[in-house]
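The values are calculated or read from the model by the stated rules, or taken from the named source; none is laboratory data. Everything quoted here is computed from the prediction, not taken from an experiment. Here Cβ is always computed from backbone atoms with ideal geometry, including for glycine, and neighbour counts include all displayed protein chains.
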Amino acid sequence: MEPIIKVACLKHVYPDKTEVSVCGLEFVVKKGERVVILGPNGAGKTTLLAHILGLLSPIEGIVTVLGKDPYRSFKEIRKKIGVVFQNVDEQIIGPKVYDDIAFTARNDGLSEQEVKEKVAAIAKELKIETIMEKIPHYLSGGQRKKVALAGALVMNPEILILDEPFDGLDPESKKEMIVTINRLQQTLGTTIIMTTHDINIVPSAADRVYILHQGNIVATGTPDDIFCQTQLLKEASLESPILHDLFFRLKQKGHTNSSPATVEEAETEIIRMINQQQQR
């Protein structure tokens, strides 16, 4: 399958003369993939996302999104990309939840009936129908994230970009967000790119992982491929998810071949291991 996003060794200079590069391995995303970008602060994650969104243009390197330069074709490409920024309060602008979600549809010239139908559909998908008339900034952190997500998805974008979508969420809200993201990918085929510091959610939310370190993409692969490389993770100031680390150790001792992504999967595998041991 041809990639729908490709970034190769880009370099950007900000107005204050700060130079940021994202080189090393190519960043390639295929249609329908869930891609997670990991790396410490200053690794280049924000710069990479800004180029994909067409907010920045590199002085060197290649950036293509859906076959086009996203900076030169900004209006065309942005209609096909939904984005949720780390601080959602900066992108929630409607006086009420309904108005905020409806903003993009109205701005694109849809009739009010079409707007109403699209808002109702995404509100139902995200289970936020009951807060349509509420003032966004009085909502909980998890609800505000969902409102921002609804606004990003209301026009059914091909690509969804999430910058630290789990930041500030309680454990239950994180679970809900993961379920929502995975459902979107499975039912709509949405391509999802996210950055996160919450490494423990990565196995259940990613098909492919990219590691950024000091301006270089130093590794890419499935979560299982990446999290087995303990030395690489250490050099990039990262650690394996707790579940992955546990089952990697159990694999090394010959107790299992499984790599559970969730607590529920881990529970099932541990029970299987116990039952197997008891039958011996």
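Do we have GLN143 as polar (S, T, N, Q) and either outside the structural domain of ASN87 (by TED's automatic domain parsing) or out of contact with any helix residue (DSSP H, G or I) (no Cβ under 7 Å at 6 or more places or on another chain) (or both) here? Considered against the rule, which asks whether it is polar (S, T, N, Q) and either outside the structural domain of ASN87 (by TED's automatic domain parsing) or out of contact with any helix residue (DSSP H, G or I) (no Cβ under 7 Å at 6 or more places or on another chain) (or both), GLN143 comes out as no.
Annotation note: of GLU33, GLU76, the sole residue that is crowded, with 17+ Cβ neighbours inside 10 Å, over 19 Å from GLY215 (Cα atoms) and of a type in the set (Asp, Glu) is GLU33. Hey, can you tell me all the residues within the range 1-30 that are over 23 Å from ILE199 (Cβ atoms) and surrounded by 22 or more Cβ atoms within 10 Å (Cβ to Cβ)? The answer is LEU10, and nothing else. Among the residues of the range 210-230, is there at least one that is farther than 22 Å from VAL28 by Cα and at pLDDT below 90? Yes.
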